[in-house]
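Have a look at the structure below before the remarks.
The values are calculated or read from the model by the stated rules, or taken from the named source; none is laboratory data. Given the structure is predicted, the values throughout are model-derived calculations rather than measurements. A quick note on method: Cβ atoms are made from the backbone with ideal geometry, for glycine too, and the neighbour counts reach across all protein chains shown.
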Amino acid sequence: MTVGVGAPFVLSQGANPAIIGALAMTAGYCGTLLTPMAANFNIVPAAILEMKDEYGVIKTQIPVALTMFVIHIIVALLLAF
């Protein structure tokens, strides 16, 4: 999503392609941490660990994902433009 939709939009605004490319490779990780669609990363570990809350893994990862999201925005604003 980031490379296909976000990068062309940001690059058309005059951003540095090298910085945006590096950020785009790791930006998808923020969303993966928060979605049950990424079952291998979120739902399967909950089943293997026999957790009571099926979404416990996702809830635990929320602070990390939101922190990474904010850091990506700050780095893009400081270094890419």
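Scanning region 1-37 for residues that are modelled with pLDDT of 75 or more and not in a helix (DSSP H, G or I) yields Gln13, Gly14, Ala15, Asn16. In the set (1) outside any helix (DSSP H, G or I); (2) more than 18 Å from the chain's Cα centre (by Cα), the condition left unmet by Asn40 is number (2). Please state which one of Ala22, Ala47, Ala18 is within 23 Å of Gly4 (Cβ to Cβ), loosely packed, with under 14 Cβ neighbours inside 10 Å and of a type in the set (Gly, Ala, Ser). Testing whether each residue is within 23 Å of Gly4 (Cβ to Cβ), loosely packed, with under 14 Cβ neighbours inside 10 Å and of a type in the set (Gly, Ala, Ser) leaves just Ala18.
Matching residues to (1) more than 30 Å from Pro17 (Cα to Cα); (2) within 12 Å of the chain's Cα centre (by Cα):
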| site | (1), (2) |
| --- | --- |
| Leu33 | no, yes |
| Ala46 | yes, no |
| Glu54 | yes, no |
| Phe69 | no, yes |
| Ile74 | no, no |
